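These notes concern the structure reproduced below.
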Amino acid sequence: GSRRVLVTGCSSGIGLSVAARLAKDELGRFKVVATMRDLEKRGALEKAAGDALNQTLEIKELDVCSEASIKECVNSLPDRRVDVLVNNAGVGMIGPLECQSTAAVKEIFDTNFFGLVRLVKEVLPDMKRRQSGHIVVMSSVMGIQGLLFNDVYSASKFAVEGFCESLAVQAMKFNIKTTLVEPGPVVTEFERKLYELAETMDLSKTDEETAKIFREMYLPYSKKIFTSLGQSPEEVSEQTFKLITTKDPPLRHQTNRLYTPMTALKHADPTGRLPLDTFYKMVFKHDRVFNATYLFVRLPYWKITELM
Ligand code: NAD
């Protein structure tokens, strides 16, 4: 029989692409339950699914911030069976901390972290009973290494990483696999929404210097990184597809090998000085920050120390 995969956040970006890719599997191994918060946004997914729509892919409503919505969706599935959970729904946040309300910070965690917790609570007991399953989670390289002006987003992904790392051991005992997918920048709605929010942010809530660093250094740099190094959602979904179809999937998978040096820094130095100094120098000490950063992520792993 085919494996049932439940994917969250399928109205755009990586979730849409993962759902369509699995539904179009040449070997027809999957029945995809592609979920989204707002069914009115189903158009793009329907188009991407093509002939697979209502064959190997069905669209259902699911808001990861609502336990009732999650329950209703899972209860509607035959035997409530979810063989693979792809926890993808997520939201970003950039900018100086003083410019974010605590309520907005909590909303990021409500989606990125508590959304995952709610879904796992709903599907894990059944997976344990069946002694099989795979929990696949869209994390980020920022789940391993924090980045300037991404404090809250990064913290929410660290939470996701800690949660999965801990749970994976217990899950393994029940033959359930856990995989954290860690993309670098991906060109999706995510990016567009972030810059849109940044434009309307009230920077008068922080000091002039911080506002200037954010506006004149961070934003142009970040946009440049997205255009030069950003992957397509299809690149990420193809790799996610492989992680789901492989016999022995890893706990962690970085989709963009250019980011391996960045995340390797902290493992190379338990005191944390190496990554801290590197990021500080990269951002504040180089005249040509953008070029230095660009170079940095392109450097092979072993060349890293030459930058210190
Ligand atoms: P996206 O904005 O295109 O997709 C995110 C989806 O999540 C959207 O469809 C959105 O509607 C949905 N969503 C938000 N809140 C929801 C809720 N409460 N319930 C259900 N769905 C909800 O962006 P994306 O890049 O495809 O992001 C997907 C995942 O990948 C996120 O977890 C994100 O953190 C992660 N990620 C993205 C990037 C990137 O650069 N784009 C990099 C690393 C990781």
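The values are calculated or read from the model by the stated rules, or taken from the named source; none is laboratory data. What you are looking at is a predicted structure, and each value in this text was computed from that prediction instead of being measured. Here Cβ is always computed from backbone atoms with ideal geometry, including for glycine, and neighbour counts include all displayed protein chains.
Residues being of a type in the set (Lys, Arg) and within 11 Å of the ligand (Cβ to nearest atom): count how many of those fall in the range 1-41. Of the residues in the range 1-41, 2 are of a type in the set (Lys, Arg) and within 11 Å of the ligand (Cβ to nearest atom). So which of Gly95, Gly50 ends up being on the phi > 0 side of the Ramachandran plot and surrounded by 16 or more Cβ atoms within 10 Å (Cβ to Cβ)? So the residue among Gly95, Gly50 that is on the phi > 0 side of the Ramachandran plot and surrounded by 16 or more Cβ atoms within 10 Å (Cβ to Cβ) is Gly95.
Taking first residues from the range 109-130 that are in contact (Cβ under 8 Å) with a residue 12 or more places away in the chain and partners that are crowded, with 16+ Cβ neighbours inside 10 Å and among the small types (Gly, Ala, Ser), the Cβ contacts under 6 Å between residues at least 6 apart in sequence or on separate chains come to Phe109/Ser156; Asn112/Gly90; Asn112/Ser156; Phe113/Ser156; Phe113/Ala159; Gly115/Ala89; Met127/Gly133. Scanning the range 223-253 for residues being part of a helix (DSSP H, G or I), under 22 Å from Thr179 (Cα atoms), away from the ligand (no atom under 12 Å from the Cβ) and not β-branched (Val, Ile, Thr) gives a total of 5.
Identify, from the list Glu165, Glu216, Glu182, the residue that is assigned by TED's automatic domain parsing to the domain that holds Lys24, without any contact (Cβ under 8 Å) to a residue 40 or more places away in the chain and not basic (Lys, Arg). So that I can check it myself, show each step before the final result.
Details: Glu165 fails: without any contact (Cβ under 8 Å) to a residue 40 or more places away in the chain; Glu182 fails: without any contact (Cβ under 8 Å) to a residue 40 or more places away in the chain.
Going through Glu165, Glu216, Glu182 in turn, the sole match is Glu216.
So for the range 120-133 (the condition being near the ligand (Cβ under 10 Å from one of its atoms), over 26 Å from Tyr280 (Cβ atoms), surrounded by 22 or more Cβ atoms within 10 Å (Cβ to Cβ) and not polar (S, T, N, Q)), does at least one residue qualify? No, there is no match, as no residue in the range 120-133 is near the ligand (Cβ under 10 Å from one of its atoms), over 26 Å from Tyr280 (Cβ atoms), surrounded by 22 or more Cβ atoms within 10 Å (Cβ to Cβ) and not polar (S, T, N, Q). Among the residues of the range 254-275, count how many are touching a strand residue (DSSP E or B) at 6+ places or on another chain (Cβ under 7 Å) and either outside any helix (DSSP H, G or I) or within 12 Å of the ligand (Cβ to nearest atom) (or both). Of the residues in that region, 3 qualify.
In this structure, Val105 does not qualify as within 23 Å of Val123 (Cα to Cα) and either within 13 Å of the ligand (Cβ to nearest atom) or touching a helix residue (DSSP H, G or I) at 6+ places or on another chain (Cβ under 7 Å) (or both).
Within the range 162-211, restricting attention to residues that are under 14 Å from the mean Cα position of the chain (by Cα) and hydroxyl-bearing (Ser, Thr, Tyr), the residue that is surrounded by the most Cβ atoms within 10 Å (Cβ to Cβ) is Thr179.
How many residues does the range 1-39 contain that are in a loop (DSSP other than H, G, I, E, B), hydrophobic (A, V, I, L, M, F, W, C) and in contact (Cβ under 8 Å) with a residue 12 or more places away in the chain? Spell out how you get there, then give the answer.
Step one: list which residues in the range 1-39 are in a loop (DSSP other than H, G, I, E, B), which gives 1-2, 8-12, 24-29, 37-38.
Imposing the further condition that a residue be hydrophobic (A, V, I, L, M, F, W, C) reduces the set to 10, 27.
Still in the list and also in contact (Cβ under 8 Å) with a residue 12 or more places away in the chain: 10.
Here the count works out to 1.
Just one of the numbered conditions (1) within 10 Å of the ligand (Cβ to nearest atom); (2) under 27 Å from Asp38 (Cβ atoms); (3) not aromatic (Phe, Trp, Tyr) is not true of Gly95: (1).
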